[in-house]
Amino acid sequence: MAILEVLHFPDDRLRKKAVLVDKIDNDISEIAQNMLETMYAEGGIGLAATQVNIQKRIVVIDLSEEKNEPIILINPEITNKKGTETMREGCLSVPDYFDTVERAEEVEFNYQDLQGKTISSETGGLLAVCIQHEIDHLNGKLFIDYLSPLKRQRLKKKINKQEKLQHKIL
Ligand code: K1U
Ligand code: ZN
C-alpha cells in the first residue's frame, strides 16, 4: 500500500474530468486501497481519484469514528436529488479553508463495487454531501467554485500570500 500525493488548488490537474472505469481488476482495487490509506493519513472523510492525479471515476469515503467502515464507489452517479441544505465543507485539496455550501439534502445514486456489482442506494446528511463533493471532483469541480466571487477572490489572495511565503522559506 502507498500514501499518494494530494494535489492542491490551484493545480490545473484538479480540473480534469475523470473517465469511466471499464474493467474492475486488481489495479483498480490497488488504487482504491491506496486512496483509502491516503485519505486516512490526511484526516479526510472522502477522497476522489482526481485529487491524487488519477483520472478514473473512483471515490472512497469513511464517515465512521473508528475509520473502519470504508466505502469504495466505482463509477458513481447521482440519479436523483431532493431538497436543499447548507453544510460546512472542507477539502483536502484546499487545506485550512472551510465554508458553507448549498447542496441537495438527499440523493439517489448508483455505483459499482470492487466485484463489479452495480448497486443503487439513497442517502442524506453528511454522506449525501460527501458523495456530491466527491463526484464534483471527478468532474473537475471544487467546492470553492460555489462561493461568491468576493469570497473566492479573498481565498485566492490568501493562497497567493502563502505561496510567496513558502517561496521565501525554500
Ligand atoms: O474530498 C475531499 O477533499 C475530502 C473532504 C470531504 C468532505 C468534507 C466535508 C464535507 C464534504 C466533503 C474532507 O474530508 S476535508 C476534511 C474534513 O472536512 C473533515 C475531516 C474529518 C472529519 C470531518 C471533516
Ligand atoms: Zn475535496
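Does segment 10-17 contain any residue that is surrounded by 14 or more Cβ atoms within 10 Å (Cβ to Cβ), under 12 Å from the mean Cα position of the chain (by Cα) and touching a residue at least 40 places away in the same chain (Cβ under 8 Å)? There is at least one residue in segment 10-17 that is surrounded by 14 or more Cβ atoms within 10 Å (Cβ to Cβ), under 12 Å from the mean Cα position of the chain (by Cα) and touching a residue at least 40 places away in the same chain (Cβ under 8 Å). Step by step: first the residues of segment 98-124, then only those that are among the polar types (S, T, N, Q) and either part of a strand (DSSP E or B) or under 15 Å from the mean Cα position of the chain (by Cα) (or both), then the one that is surrounded by the most Cβ atoms within 10 Å (Cβ to Cβ). Which residue is that? So, considering only residues that are among the polar types (S, T, N, Q) and either part of a strand (DSSP E or B) or under 15 Å from the mean Cα position of the chain (by Cα) (or both), the one surrounded by the most Cβ atoms within 10 Å (Cβ to Cβ) is Gln112. In segment 66-87, is there at least one residue being within 30 Å of Gln162 (Cβ to Cβ) and touching a Pro at 6+ places or on another chain (Cβ under 6 Å)? Looking for residues that are within 30 Å of Gln162 (Cβ to Cβ) and touching a Pro at 6+ places or on another chain (Cβ under 6 Å), one finds none in segment 66-87, hence no.
As a summary of the residue check, Arg88 satisfies the conditions (1) farther than 25 Å from Gln55 by Cβ; (2) over 16 Å from the mean Cα position of the chain (by Cα); (3) among the basic types (Lys, Arg); (4) within 16 Å of ligand 2 (Cβ to nearest atom) except for the one numbered (2). Just to verify a result, which residue in segment 63-88, among those that are without any contact (Cβ under 8 Å) to a residue 40 or more places away in the chain and in contact with a helix residue (DSSP H, G or I) (Cβ under 7 Å, 6 or more places away or on another chain), is farthest from Lys141 (Cα to Cα)? Per the stated criteria, the residue is Lys67. Of all residue pairs spaced 6 or more apart or on separate chains, those with beta-carbon atoms under 7 Å, a first member in segment 89-118 that is within 28 Å of Asn160 (Cα to Cα) and free of Cβ contacts under 8 Å to residues at least 24 places away in the same chain and a second member that is within 16 Å of ligand 2 (Cβ to nearest atom) and assigned to a strand (DSSP E or B) are Phe98/Arg88; Phe98/Glu89; Thr100/Met87; Thr100/Arg88. Of the residues examined, Asn53 is one that is touching a Lys or Arg at 6+ places or on another chain (Cβ under 8 Å), within 16 Å of Val6 (Cβ to Cβ) and surrounded by 14 or more Cβ atoms within 10 Å (Cβ to Cβ). Among the residues making up segment 1-42, those that are of a type in the set (A, V, I, L, M, F, W, C) and not in a helix (DSSP H, G or I) are Met1, Ala2, Ile3, Leu4, Val6, Leu7, Phe9, Ala18, Val19, Leu20, Val21, Ile24. Count of segment 38-85 residues, restricted to those that are of a type in the set (A, V, I, L, M), within 15 Å of ligand 2 (Cβ to nearest atom) and over 11 Å from Ile131 (Cα atoms), is 6. Mind checking which residues of segment 28-48 are more than 11 Å from ligand 1 (Cβ to nearest atom) and within 14 Å of Ile72 (Cα to Cα)? Selection gives Ile28, Ser29, Glu30, Ile31, Ala32, Gln33, Asn34, Leu36, Glu37. Has segment 20-32 got at least one residue that is in contact with a helix residue (DSSP H, G or I) (Cβ under 9 Å, 6 or more places away or on another chain) and under 30 Å from Lys161 (Cβ atoms)? No, that holds for no residue. Considering the conditions (1) away from ligand 2 (no atom under 16 Å from the Cβ); (2) in contact with a strand residue (DSSP E or B) (Cβ under 8 Å, 6 or more places away or on another chain); (3) small (Gly, Ala, Ser), Ser29 is excluded by exactly one of them, (2).
Read-outs throughout are calculated quantities, based only on the coordinates presented, and are distinct from any laboratory measurement. Just so you know, these numbers come straight off a predicted model, no measurement behind them. Glycine also receives a Cβ, built like all others from the backbone with ideal geometry; neighbour counts cover every protein chain displayed.
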